[in-house]
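Remarks on the structure that follows.
What follows is calculated from the coordinates using simple rules that are stated; it is not laboratory data. As the structure is a computational prediction, the values presented were derived from the model and not from experiment. Using ideal geometry, Cβ is built from the backbone for each residue, glycine included, and neighbour counts are taken over all protein chains shown.
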Amino acid sequence: SETHLLESQLADTAEMSIMSPSNIPTSPTVKYIHILAVMALTLGTFTVLENLIVLCVILHSSTLRCRPSYHFIGSLAVADLLGSVIFVYSFLDFHVLHRKDSPNVFLFKLGGVIASFSASVGSLFLTAIDRYISIHRPMAYKRIVTKTKAVIAFCMMWTISIVIAVLPLLGWNCKQLNSVCSDIFPLIDVKYLMFWIGMTSVLLLFIIYAYMFILWKAHHHAVRMMSRSSQKSIIQARLDIRLAKTLVLILVVLVICWGPVLAIMVYDLFWKMNNFIKTVFAFCSMLCLLNSTVNPIIYALRSKDLRRAFLNICQTCRGTSQPLDNSSESDCHSRSGKGTATAYKSTASCANTTESSL
């Protein structure tokens, strides 16, 4: 019957990994898959090691655990760690081991990838809010951003990410709804894909806005400091320039890693996908994994306090240790000065989370 044939076709398409295109000619597929497999395994291994280091340092340091900013960075590390593991496992499981999954198993694996990548973007969103508040409301930062609120925020974010991820498994898929399926995500209803694209795009746009605001503040502060002739003003202006470079790096990474993937997903909503676009999507999807690889470097490993805590752990293992300074660099708690000057100092303080040279 037609119904049985449709279910059989859907089951076959569900065997595909979401990390690869479908219906590519056989010979180029082998070539592309080998390249992608090496890329996935290399980036995945690197990402796991990086994020494990970040999590171990944060959990080991009582000072870092008390800072709201590091709750968000820790959440980002967990999301990127899970995302890289699930991504690489799913890719190798299908393309190397050639395991065939049922529709439910496929949707379960897809849900894991969606949950982890959604949580990664959500953690970036919370980190951007944290830094935006530290610049926009520096005097009220400690009152607004507390440890309890930080825990509640990332718990809610993870809950929402997981709920959204399991919706296709619970019935929001084109097989049960008998609706239009996505070309690049088998069994996924195009309306669900549109919903996920919209949600992710809104979060990314706010992240870009938040860092553009901080960049604008840093630029004005640098201009103000350069107009003065004192040595202190010149040094502060250089710090603002370094901060600006770091913020530009954050924005460039976001656009490069997420822009192509989201653009192809939008294309999938309105037009038919050909083999070439599916191949391009397969390579572009690796950029999401690359984003998980770069995140620990930008948001964690370049933090002075986290590096100091890591060195402290290494020294402890060797029998010598130094206490971690209870500084406010990493989570932007600087409250010295008043008025606009405080905001500027807080701007420079925020840079220490991501700028190694500060």
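Pairs spanning more than 23 Å between alpha-carbon atoms, out of K149/K191; K109/K191; K109/K272: K149/K191; K109/K272. In loop segments of the range 251-318 as defined by DSSP, the chymotrypsin sites (Phe, Trp or Tyr not before Pro) with at most 12 further C-beta atoms inside 10 Å of their C-beta are W271.
Using a simple spin-label model with pseudo-atoms 7 Å out from Cα toward Cβ, L311 and S62 lie 2.2 nm apart.
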